[in-house]
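Notes follow the structure.
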Amino acid sequence: MRELNEQEESVGRYYDEVIFDAEITRLKEIFPVEYAITARHLRRWIPDGAAVAEIGVGGGLYSELLARRGCRLHLVDVSEKLLIAASERLRASGLAAQIVGVDRASATNPGCLRDAAFDAVLMLGPLYHLLTLDERRWAVSEAARVLKPGGVLLAAGINRLDYLRDLFRESPQKILLRRDFIRQFLRDGNLDPEIAPPIGHSHTTTVDEFRELFSGDFEELAMIAVESFSSPWQGKLNELSEAEAEAWLDLIEQTGTMPEAFGLADHYLYVGGKASYWYKPRRNEEREE
């Protein structure tokens, strides 16, 4: 398995050194709707006891959810600290036996994962940090490679308009300074730490672009606007009773497939089944190095 390239190392360091603490706490404290709706879909699409490759482990919340359902997890990330934190979360919960592998590797070259070995693959973050279309396509192809026939992929993307919404809300006077950047951003969707410090070097997407990314390797099972209308106010969920929160989550999920919801949501969640005609592409020399 090759070492991480310069860009992958940079992303790993950014999580390790800059936003590690925020990544550990963000889902429960700041973005509880993102967590709750994504968790609903993990329960819906991944059976108990499944073999799961989690490429991009975050703070390990989804790892724990799946491990509690008997899933066997191979954890993969470019961030060493996130891998350690996710593993420690499972061990502290008495779920260490559900870890079948832990590897620092990238979504574009997870050579640690065997062909056709997994019932499900999670990519709930890696596609945010692959800046070229070739890298994103290769990562999706790798997900298909490691899935069993009939296996399922759950992958997340960030709405391209999020950055513009936040810029308008937080620093509207910067529009004149960033006109050239915004023109380029609307074309390629890429951000960097100087422009968007919370996420660093990252890629944002459109609905059509995100769907197209998977079309060669997967058959679409679902496409969800994760937060629907709740995006800017997710913290409200933590102020509600359990019954109130569940009622709102039901409504958010119900509206999450409406066309109007995709313009409002922070994240898109794609669910795809491995295409029946899929074949493993031959690696070129650059990928083998």
Out of (1) assigned to a helix (DSSP H, G or I); (2) small (Gly, Ala, Ser); (3) touching a Lys or Arg at 6+ places or on another chain (Cβ under 7 Å), the one ALA97 does not meet is (3)
Counting only residues that are touching a strand residue (DSSP E or B) at 6+ places or on another chain (Cβ under 7 Å) and either outside the structural domain of HIS129 (by TED's automatic domain parsing) or not polar (S, T, N, Q) (or both), region 1-41 contains a total of 2
Scanning region 157-197 residue by residue, those of a type in the set (A, V, I, L, M, F, W, C) and touching an Asp or Glu at 6+ places or on another chain (Cβ under 9 Å) turn out to be ILE158, ALA196
In region 220-263, anything under 21 Å from the mean Cα position of the chain (by Cα) and acidic (Asp, Glu) is listed as GLU220, GLU227, GLU253
Quick one: would you say LEU75 is surrounded by fewer than 18 Cβ atoms within 10 Å (Cβ to Cβ), closer than 18 Å to PHE118 by Cβ and either aliphatic (A, V, I, L, M) or without any contact (Cβ under 8 Å) to a residue 24 or more places away in the chain (or both)? no
Checked region 252-268 for anything part of a helix (DSSP H, G or I) and either polar (S, T, N, Q) or without any contact (Cβ under 8 Å) to a residue 12 or more places away in the chain (or both); matches are GLN254, THR255, PRO259, GLU260
By residue number, the members of region 177-234 that are in a loop (DSSP other than H, G, I, E, B), modelled with pLDDT of 95 or more and buried (at least 17 other Cβ atoms within 10 Å of the Cβ) are GLY189, THR204, ASP217, VAL226, GLU227
Answer yes or no: is there a residue in region 234-254 that is in contact with a strand residue (DSSP E or B) (Cβ under 7 Å, 6 or more places away or on another chain) and within 26 Å of LYS28 (Cα to Cα). no
Being among the aliphatic types (A, V, I, L, M) and assigned to a helix (DSSP H, G or I) narrows ALA120, ALA86 down to just ALA86
If we ask which residues in region 30-83 are part of a loop (DSSP other than H, G, I, E, B) and of a type in the set (Ser, Thr, Tyr), their number turns out to be 1
Of those in region 144-160 that are of a type in the set (A, V, I, L, M, F, W, C) and part of a helix (DSSP H, G or I), the residue nearest to ASP208 (Cα to Cα) is ALA144
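The values are calculated or read from the model by the stated rules, or taken from the named source; none is laboratory data. Small disclaimer: the values here were computed from a predicted structure and weren't measured. Note that each Cβ is placed from the backbone with ideal geometry, even for glycine, and that neighbours are counted across all protein chains shown.
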